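Working notes, structure below.
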Amino acid sequence: MTSSLAALAAACCLLLPALSLAQTQTPAIAHGAAEAATPAATAHEAPHEKLSPSMRPLSPPVRVNHPPRRLPQQAAPYARPAVRHPQPHAPAHRQPAMAAPLRAAAALASRLLPRGQHGDKSPRLTVLACADGAPRHGAQGALYLVQNPGNQLLLGEAGVSHAVRQLRTPLLLVLASADCKAVNTARSDFSALPLAEQRTLLSINVDKGGTPLSAQLDNLDNQVEAAVLHYGGEVEAGRLSVIGAYYDAAGQLGKRGQLVVTSINGERDKATIARLLRQRAVFNAATGIGTPLASSSH
């Protein structure tokens with residue numbers, strides 16, 4: 001009897017672990033079976049199910065404003081871009097500082113060129129004068145005016161050559177005055193100025209220690225000499241006379257309000273200049289010939 005009870009107790013001890021293991025595996029098996037059955041059920045019910053988005057957008061959609069589309073018959077006409085034309089420079093009669101010098105220059109030309117010696121189809125006189133700002137040139141009544149800082153032939157060569165060689169003006173007057181700011185500036189240290197202005201002033205060769213009047217007269221002689229060399233063929237042939245003159249507005253030369261001729265074709269002797277002006281023999285005067293101007297044919 002005792003041995004039977006002991007055997008039964010041993011059998012129970014062996015069955016209890018197996019029973020507890022079976023209980024723990026049964027839910028997992030059941031859960032696996034349910035998962036195996038879920039895809040079939042989902043696939044069967046998918047056509048009848050309304051899906052919804054799984055998440056909200058991160059940012060609102062961007063709205064693009066497109067221009068309205070034009071039909072071919074509503075196309076906008078071609079608009080030509082606006083062209084900005086340069087403003088014309090003020091004529092000589094609107095430059096108060098130039099009015100009196102130009103009147104004196106025109107009077108000198110009328111005295112040296114009687115009406116019968118040169119036709120009226122083109123200007124009779126080319127004036128190379130000083131002016132602030134950009135170089136400019138053009139016909140101003142009976143004369144052709146070329147203006148640039150320092151009345152420089154280097155800057156005004158295009159305009160002067162057009163007047164001398166195309167329009168055939170017989171007189172080229174290089175006009176200086178005390179109002180020329182470029183020559184006055186060239187006497188001082190201009191290294192602080194913009195490079196463009198420095199390049200303009202570098203070609204004005206004057207003594208930096210001299211007076212304003214001497215600087216104007218030195219620059220005048222330099223420009224006359226450059227013109228005589230540049231147009232040497234016309235000068236030697238008697239077709240052109242290069243005259244240097246200073247308008248004495250303040251009476252610095254004792255001729256207040258008058259045009260003082262300082263050189264004729266490079267001749268600077270005052271007595272010779274006075275004789276040539278008196279005889280109206282200003283053409284080819286550098287050689288002493290004084291050939292009068294022949295009638296020009298255009």
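For this structure, a couple of remarks:
- Checked against the criterion of being modelled with pLDDT of 95 or more and either surrounded by 15 or more Cβ atoms within 10 Å (Cβ to Cβ) or not β-branched (V, I, T) (or both), the candidates T200, T185, T262, T169 yield just one match: T262.
- For region 165-183, a residue qualifies if it is in a helix (DSSP H, G or I) and charged (D, E, K, R), and the qualifying residues are R165, K181.
- Residue under evaluation T211, criteria (1) in contact with a helix residue (DSSP H, G or I) (Cβ under 6 Å, 6 or more places away or on another chain); (2) of a type in the set (V, I, T); (3) more than 26 Å from G232 (Cα to Cα), criterion not met: (1)
- Residue in region 216-229 that is part of a helix (DSSP H, G or I), among the small types (G, A, S) and either under 34 Å from the mean Cα position of the chain (by Cα) or buried (at least 22 other Cβ atoms within 10 Å of the Cβ) (or both) present: yes
- Residue check for L277: assigned to a loop (DSSP other than H, G, I, E, B), modelled with pLDDT of 90 or more, of a type in the set (A, V, I, L, M, F, W, C) and under 23 Å from A129 (Cβ atoms): no
- Residue check for Y247: farther than 15 Å from L154 by Cα and either surrounded by 13 or more Cβ atoms within 10 Å (Cβ to Cβ) or basic (K, R) (or both): yes
- Residue within region 151-167 that is more than 29 Å from A281 (Cβ to Cβ), without any contact (Cβ under 8 Å) to a residue 60 or more places away in the chain and of a type outside the set (K, R) present: yes
- Any chance K181 is touching a strand residue (DSSP E or B) at 6+ places or on another chain (Cβ under 9 Å) and of a type in the set (K, R): yes
- Against the numbered list (1) assigned to a loop (DSSP other than H, G, I, E, B); (2) among the small types (G, A, S); (3) touching a residue at least 12 places away in the same chain (Cβ under 8 Å), G251 comes up short only at (3).
The values are calculated or read from the model by the stated rules, or taken from the named source; none is laboratory data. Note that this is a predicted model, so its numbers are computed, not measured. In this analysis, Cβ positions are derived from the backbone assuming ideal geometry, glycine residues included, and neighbour counts consider all displayed protein chains.
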